[in-house]
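A.B. asks: Before I ask anything, here is the structure I am working with.
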Amino acid sequence: MCGIVGYIGNKSAQFVLLRAMEQLEYRGYDSSGIAVLDDVINVYKGACRVGNLRNSSPRFVGTVGIGHTRWATHGEPSKVNAHPHLDCGGKIALVHNGVVSNYRPLKEKLIAEGHVFLSETDTEVIPHLIEKHYTGNLEQALAETIVQLKGSYAIVAIAEGEHKLVFARQQSPLVIGIGESEILVASDIPPLLEHTNKVIYLEDGEIGVADQNSLKILKNGKETTRAIVPIDWSADQVEKNEFEHFMLKEIYEQPRIINQALEGFFHRTAPVIDAEFMRYKKGKGLLIFACGTSYHAGLIGKYVIEELLDIPVRVELASEVNHRERTIPVANVIAITQSGETADVLTSLSRLKQAGCATLAITNVKGSSVTQLADKVTYTHAGPEFGVAATKTFIAQLMELYRLALLQQDTEENLREQLIVRLSQLPDLVQSVIDNQDQIKACSRYLTRFSNVFFIGRGINYPVALEGALKLKEISYIHAEGYAAGELKHGPFSLLQQDTPVVAIVNRDACYDAMVTNIKEIKSRKAPVIALVQETDTEIPGLVDFTIRIPVTHTLLSPIINTVALQLLAYFAAKFRDCPIDFPRNLAKSVTVE
Ligand code: F6R
């Protein structure tokens, strides 16, 4: 959840760290802090965003340092709980992302030995353990420390008198950027891009030691070599450019991302995945699991795969898979995670893998933890996503699911050809939803009058209703619930009245007549209805209060167009309410705790 960074080079460490931390802020933004090594370690931190830290910070000289943006887990956001944390003597400083699950007994023991703790964090045991083992060599002390830690960590540490960065990881991401006379380590790639596009992914259990011009990676105490991987993301992709928010920029990028996905449709890694899918048919079945928006992509994937391939698919929330007493009886599993770091997904995946399942991961981030765990990986190629609310990565996940399903030989030829034609029209259709945003904006403004909203859909647009509700609630703070349209009368009808609007997603498909009936039932309870309808629809507009007209496509592809409209609906509602759209309260982009 937190973002960590370390720098060693020939520039001002303070300058580089603060810039990098701004680019990591989507990982956590309730506190921030830096430590810069000069003759001594200078620390400046607070319960504030990076911008405020920059404005209030004294100037430190020094070309080695570490920085942190926090999403609080242990202890409220406050100056003492903010990272970096120090040992008793203030000679060792470190930043940490992850959770040290055995910190209590370690802390009790350290206190009994005379160590004085200042914060409520789990992290603070680490500098004290390093202090205990320190005999003048930071990497050695870190090696002796990490064997005592349980849980997850990415750590970057510095020590007075040692001009180097020392770092380690276990189930939390850490990427090393190799620049010209400088080395950076960070939780994610974006802050590295202004310096280099050459990276090395540190693996679990490894320790890295960097000075300005050299890097050493140690595995089980022995030096190991690691390939440098070129990154195809550019520094420009991590800027907002003319957009007010990353979320809007990312919504606008979607036609291009769909186009790009179509260009690669029948090439990338296809044969490998193809063979896997054949095995799924003979196995016990296919399980897709994920969290949040990625889970909604999985639900849509179920409809697509069942329809096209006639394979029964089960979709579960990763947080409901990982703690079951018995492992779910399936043979093949797909984990969907844009970040590749979601803790619930990773623990479920490793559990299912241990139980003998064949595992495939769909992710957006090269080198992320899921890529190290899954047997096979396929990428969504959406580029970096900064808005905490997932938009373009969701659409890219859907495109990848269509690709996986359409590549199979069993897909009925006519349907496949029809879908391929319809897919090629998607970039223009999505663009027209974006271009016709005024109709959506008017509905967003209307929704800001209410505290509760229902989103309903049927069939493949039921998960779209879930996604529409999730987007609205997370960024505009208007409470919203996604419901299968047919389920409203089994309880939630009691809530329907004039101040409970319903957003109905209606497609001209097998569910149409049932949706019309549901809308009439809702209108009889006087609840306002906003309907997302195909532009050719003449019946629904006469029944509802507001209509958002959407271009026509094949039902199986309709989630793409409908979701883009709902992303805009949520975006404008949040904007009218003056919400911090890219940094919603209490959230973080990468959820690395269970
Ligand atoms: C909502 C959102 C989250 C993520 C969820 C899973 O807009 O972004 O619900 O979808 O945290 O994240 P990943 O896909 O990284 O596993």
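Rule-based calculations on the coordinates, nothing more; no lab input. Note that the structure is predicted; figures quoted are calculated from it, not measured. Because the Cβ atoms are built from the backbone with ideal geometry, glycine has one as well, and the counts that use them run over all protein chains shown.
A.B. asks: Give, in nm to one decimal, the length gained when the segment between Thr538 and Phe493 is fully stretched (0.36 nm per residue of separation minus the Cα-Cα distance).
C.D. replies: Result: 13.6 nm gained on full extension.
A.B. asks: Under 19 Å Cα to Cα from Lys222, which lysines show up? Leave out anything in the same chain fewer than 8 places away.
C.D. replies: Output for Lys222: Lys164.
A.B. asks: Three principal axis extents, largest first, for the C-alpha atoms of the range 388-490, in Å?
C.D. replies: For the range 388-490, the Cα spread along each principal axis is 49, 37, 24 Å.
A.B. asks: Report the label-to-label distance for Asn137 and Asp204 in nanometres (one decimal), using points 7 Å from each Cα along the Cα→Cβ vector.
C.D. replies: 2.7
A.B. asks: Just to check I understand the Karplus step: with θ = phi - 60° and J = 6.51 cos²θ - 1.76 cosθ + 1.60, what whole-Hz values come out for the range 551-556, glycine and proline as x?
C.D. replies: Using θ = phi - 60°, the values come out as x, 7, 8, 5, 3, 5 Hz.
A.B. asks: Let me ask another. For Leu215, enumerate residues with amide H under 5 Å from its amide H, sequence gap 5+ or separate chain, H modeled in the peptide plane.
C.D. replies: Those lying under 5 Å, H to H, from Leu215: there are none.
A.B. asks: In the structure shown, do any of Lys249/Lys489; Lys471/Lys520; Lys11/Lys471; Lys79/Lys109; Lys526/Lys575; Lys11/Lys150 have a Cα-Cα gap over 30 Å, and if so which?
C.D. replies: Lys249/Lys489; Lys11/Lys471; Lys11/Lys150
A.B. asks: Moving on to the next point. What's the ranking of 223-229, 324-330, 496-502 by average number of surrounding C-beta atoms within 10 Å, highest first? Write down the numbers at each step before the final one.
C.D. replies: Working: 223-229: 10.6, 324-330: 12.1, 496-502: 17.6.
Taking the mean over residues of other Cβ atoms within 10 Å, the ranking is 496-502, 324-330, 223-229.
A.B. asks: Nearest 10 degrees is fine. How inclined is helix 254-263 to the longest principal axis of the chain, computing both from alpha carbons?
C.D. replies: 90
A.B. asks: Can you list the HN-Hα couplings for the range 291-303, worked out from phi with the Karplus curve (6.51, -1.76, 1.60; θ = phi - 60°), rounded to whole Hz and with x for Gly and Pro?
C.D. replies: Result, rounded to whole Hz: 10, x, 4, 5, 5, 5, 4, x, 5, 5, x, 4, 4.
A.B. asks: Please give every one of the aspartates and glutamates within straight-line cross-link reach of Lys132, meaning a C-alpha to C-alpha distance under 19 Å, and leave out same-chain neighbours fewer than 8 residues apart.
C.D. replies: Within the straight-line limit of under 19 Å, Lys132 reaches these aspartates and glutamates: Asp87, Glu108, Glu113, Asp122, Glu124, Glu144, Glu160, Glu162.
A.B. asks: Gln237 to Glu113: extension gain in nm, 0.36 nm per residue of separation minus the Cα-Cα distance?
C.D. replies: 39.7 nm
A.B. asks: Given Cβ point charges of +1 (Lys, Arg) and -1 (Asp, Glu) and nothing else, what value in debye, to the nearest 20, does the dipole of the range 436-580 about its Cα centre take?
C.D. replies: Computed charge dipole of the range 436-580: roughly 320 debye.
A.B. asks: Tell me, what ³J(HN,Hα) does each residue in the range 25-31 have, in order and in whole Hz, if you take phi through Karplus 6.51 cos²θ - 1.76 cosθ + 1.60 with θ = phi - 60° and put x for Gly and Pro?
C.D. replies: Karplus-based 3J(HN,Hα) across the range 25-31 equals 4, 5, 7, x, 8, 8, 8 Hz.
A.B. asks: Moving to a separate point now. Taking the Cα centre of the chain as origin, sum charge times position over the Cβ atoms of Lys and Arg (+1) and Asp and Glu (-1), and report the length of that vector in debye to the nearest 20.
C.D. replies: It works out to roughly 740 debye.
A.B. asks: On to the next question. Would you mind checking the tilt of helix 392-406 against the longest principal axis of the Cα atoms of the chain, expressed as 0 to 90 degrees and rounded to 10?
C.D. replies: 60
A.B. asks: Dimensions of the range 3-237 along principal axes (Cα, Å, largest first)?
C.D. replies: Taking max minus min along each principal axis of the Cα atoms, the range 3-237 gives 50, 43, 32 Å.
A.B. asks: Follow-up. Provide the FRET efficiency to the nearest 0.05 for the Val552-Asp310 pair, computing r from the beta carbons and using R0 = 25 Å.
C.D. replies: It comes out at approximately 0.45.
A.B. asks: Just to be sure I understand the curve: with the Debye formula and one point per C-alpha of the range 436-580, what is log10 I(q)/I(0) at q = 0.13 Å⁻¹?
C.D. replies: Calculated log10 I(q)/I(0) at the listed q: -0.47.
A.B. asks: Of the peptides 297-309, 210-222, how do they stack up when ordered by the mean number of other Cβ atoms within 10 Å, highest first?
C.D. replies: 297-309, 210-222
A.B. asks: Using a basic spin-label model with each label point 7 Å from the Cα along Cα→Cβ, how many nm lie between Arg326 and Glu417?
C.D. replies: Computed distance between label sites Arg326 and Glu417 equals 4.7 nm.
A.B. asks: Same structure again: For the chain, take the longest principal axis of its alpha carbons; what is the angle in degrees between that and the long axis of helix 270-282, to the nearest 10 within 0 to 90?
C.D. replies: 70
A.B. asks: Can you give me the distance in nm between label points at Ser524 and Lys219, each placed 7 Å from the Cα along the Cα-to-Cβ direction?
C.D. replies: Going by the 7 Å Cα→Cβ label model, 6.7 nm.
A.B. asks: Also: Which value at 222 nm does the chain reach when only helices count, each DSSP H run of 4 or more adding -39,500 (n - 2.57), with the total divided by all residues and rounded to the nearest 500 deg cm²/dmol?
C.D. replies: -11000 deg cm²/dmol
A.B. asks: Given Ala382, Ala157, His115, which one lies farthest toward the positive end of the charge dipole of the chain, if we put +1 on the Cβ of every Lys and Arg and -1 on the Cβ of every Asp and Glu?
C.D. replies: Working it through, the farthest residue towards the positive pole turns out to be His115.
A.B. asks: Take the Cα radius of gyration of the chain and divide it by 2.2 N^0.38 Å, with N its residue count; two decimals is plenty.
C.D. replies: 1.01
A.B. asks: Right, next: Taking amide H positions as placed 1.01 Å from N in the peptide plane, with prolines and chain starts having none, which residues 5 or more places from Ala504, or on another chain, fall under 5 Å of its amide H?
C.D. replies: Here Ile456, Ile530, Ala531, Leu532 satisfy the definition.
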